[in-house]
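First comes the structure, then the notes that go with it.
Coordinate-derived values only; no laboratory data. Note that the coordinates shown come from a computational prediction; the quantities given were computed from them, not determined experimentally. Here the Cβ positions follow ideal geometry from the backbone for every residue, glycine too, while neighbour counts run over all protein chains shown.
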Amino acid sequence: MIAHVYGVVVEKFGNAVIIDVNGVGYEVQVAAGDFETALLGEQVKLHTYHHIREQSQELFGFSSLTAKKLFELLITVQGVGPKAALAILSLGDSEQVRNAIANSDSAYITQASGVGKRIAERVAVDLSDKVGLAVQITRSSGVAGQAVNDEALEALIALGYNLADASRALEVVATDLPTAARVTQALRGNA
């Protein structure tokens, strides 16, 4: 299993990028937002999902671990394959998509290329309770902050927490600590 790729973007086409990792080029399918931010000649790290079928292998890449986890949830829904899941994630950032699913907003999901009303409703019904509503992390100063690019939040989600539980666990942890210390404190607080 290929967990991530880190290298230089050497080509972009369609909805894929080719990443050169020490002389080996990996073709990675990405969502629209990640495609836009991947610049030719620049270093990039993508968390990947390695999809293996009988006749092919494909890599799907995500700039954040939360987007990858949401992708993995989407493909568990009957009728949603990797390309449809990527189309859904291309609608906006992962938090916007997560909120649409949590709020059972099937109209938002049907905007994805190749996703019809029936599939969108199935996604909303099957996943609305699994994704949870996006919760803002309260900083020690009492001001709500953005949880979108929080590495500690992503680490807790990778450990199996859902978004709401991970956010609650981090509410009482100081945000000026290193990521590892924040995760450790969050885990201790929930032991």
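Sparsely packed loop sites in segment 1-43 (the GluC sites (Glu not before Pro) outside DSSP H, G, I, E and B with at most 16 other Cβ atoms within 10 Å) comprise GLU42. Using the Karplus relation 6.51 cos²θ - 1.76 cosθ + 1.60 with θ = phi - 60°, the per-residue 3J(HN,Hα) values for segment 178-185 come to x, 3, 4, 5, 5, 5, 4, 5 Hz, with x marking Gly and Pro. Seen from VAL125, the other residues with C-beta closer than 15 Å to its C-beta sum to a net charge of 0, counting Lys and Arg as +1 and Asp and Glu as -1.
Relative to the current alpha-carbon distance between ILE18 and GLN43, full extension at 0.36 nm per residue lengthens the span by 7.8 nm. Look at ARG182, ARG122, ARG168 and count the other Cβ atoms within 10 Å of each Cβ; fewest to most, that gives ARG168, ARG122, ARG182. Taking 0.36 nm per residue of sequence separation and removing the Cα-Cα distance, the GLN111/ALA181 pair yields an extension gain of 21.2 nm. When the chain is treated as a Gaussian network with alpha carbon springs shorter than 10 Å, the biggest mean-square fluctuation among GLU95, GLU171, GLU154 belongs to GLU171.
Based on the alpha-carbon gyration tensor of segment 1-74, what equivalent-ellipsoid semi-axes (square roots of 5 times the eigenvalues) come out, in whole Å, largest first? Computed over segment 1-74, the values are 18, 15, 11 Å.
Footprinting exposure proxy ranking of LYS117, LYS12, fewest other C-beta atoms within 10 angstrom first, gives LYS117, LYS12. With Cα atoms defining each centre, segment 30-53 and segment 154-184 are spaced 25 Å apart in the structure. Calculated mean residue ellipticity, 222 nm, the chain: -12000 deg cm²/dmol, from DSSP H runs (n ≥ 4) at -39500 (n - 2.57) each, averaged per residue and rounded to 500. As a calculated quantity, the FRET efficiency between GLU121 and MET1 at R0 = 45 Å, using C-beta atoms, amounts to about 0.90. Compute the FRET efficiency between GLN57 and GLU171 as 1/(1 + (r/R0)^6), taking r as their Cβ-Cβ distance and R0 = 41 Å, and round to the nearest 0.05. After rounding, the FRET efficiency stands at 0.50. Each eigenvalue of the Cα gyration tensor of segment 68-131, multiplied by 5 and square-rooted, gives one semi-axis; in descending order these are 13, 12, 12 Å.
Counting other Cβ atoms within 10 Å as a rough exposure proxy, the listed residues TYR161, TYR6 run TYR6, TYR161 from fewest neighbours to most. For segment 150-191, the equivalent ellipsoid derived from the Cα gyration tensor has semi-axes of 14, 11, 9 Å, listed largest first.
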